[in-house]
Amino acid sequence: MKLKTHFTDLGLIEYGTAWNLQERLFNSIIALKKSGLTETDNYLLFCEHPHVYTLGKSGSENNLLLDMIQLQAKDASFFRTNRGGDITYHGPGQIVGYPILNLEAIVKGAREYIEKMEEAIILTLAHYGLASERLDGATGVWLDTDKPDKTRKICAIGVRTSHWVSMHGFAFNVNTNLQYFNYINPCGFTDKAVTSLSKELGRDIETDEVKTVLADKLAAVYGLDLLKMPKSELGTTFENTSSLVPPLTPP
């Protein structure tokens, strides 16, 4: 039986606003589970963010190569987060996905959850004729892993799980401005490049087109029944509520 999951495309949204929405939905599922319910609401959120760098809880601030003045000059912000992983960039042209799911219904553990997320990205890239794979010792989806001097990352993954509920997720470069990755050591790597679907295909490609394919692949690998939900039904005003999340002062 497929897991009924509310699916919402939030469009372009401030990172802090999306994070607060995630936290609220995440905590609501945990509360239901603690009350003894085995069936809960589940959510899959797609969005894009204005220029922002986010640092995972195990990451190093040294991997942000900009100071506060330089960051502001790039019209970018910075967040320390509670997800796994190191530093990454989010911006327009990148599909960010936040599955907020009751994991007990679909996987046997966090590793399987991440591997299935990677599999959905790999299948999406295959739809466009691109071969991709995992990289030993790292999360995410990569190209040419058998050629160390050409290995490049196309999708970053960093999640948080608690009480078998997930939040945060993936960042899939479609038409992303890759120049912004020059100002960090992406995911802590100093010797790996970053790429996008558009760059690999040699043509522009609309994120909306890719979202349709990607949503289908995620539904298939996790066994989800995606039910479209307007963002107005998520019970938030969607103003910038970044003051509710941790400080944004970079090192």
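The values are calculated or read from the model by the stated rules, or taken from the named source; none is laboratory data. Given the structure is predicted, the values throughout are model-derived calculations rather than measurements. Cβ placement follows ideal geometry from the backbone for every residue including glycine, while neighbour counts extend to all protein chains displayed.
Quick notes on this structure:
- The stretch 104-133 - residue that is touching a helix residue (DSSP H, G or I) at 6+ places or on another chain (Cβ under 6 Å) and aliphatic (A, V, I, L, M) and, of those, nearest to C47 (Cα to Cα): A120
- The residues of the stretch 95-125 that are in a helix (DSSP H, G or I) and of a type in the set (F, W, Y) amount to a single one, Y113.
- Residue within the stretch 158-173 that is touching a Ser or Thr at 6+ places or on another chain (Cβ under 8 Å) and farther than 22 Å from N20 by Cα present: yes
- Subset of the stretch 120-143 [of a type in the set (D, E) and modelled with pLDDT under 95]: D136
- Answer from L64, L101, L10, L32 - the residue that is surrounded by fewer than 18 Cβ atoms within 10 Å (Cβ to Cβ) and either closer than 27 Å to L224 by Cα or touching a helix residue (DSSP H, G or I) at 6+ places or on another chain (Cβ under 9 Å) (or both): L32
- Wholly enclosed strands (runs of 3 or more DSSP E) of the stretch 126-195 bearing at least 1 residues closer than 21 Å to S60 by Cα: 152-162, 165-173
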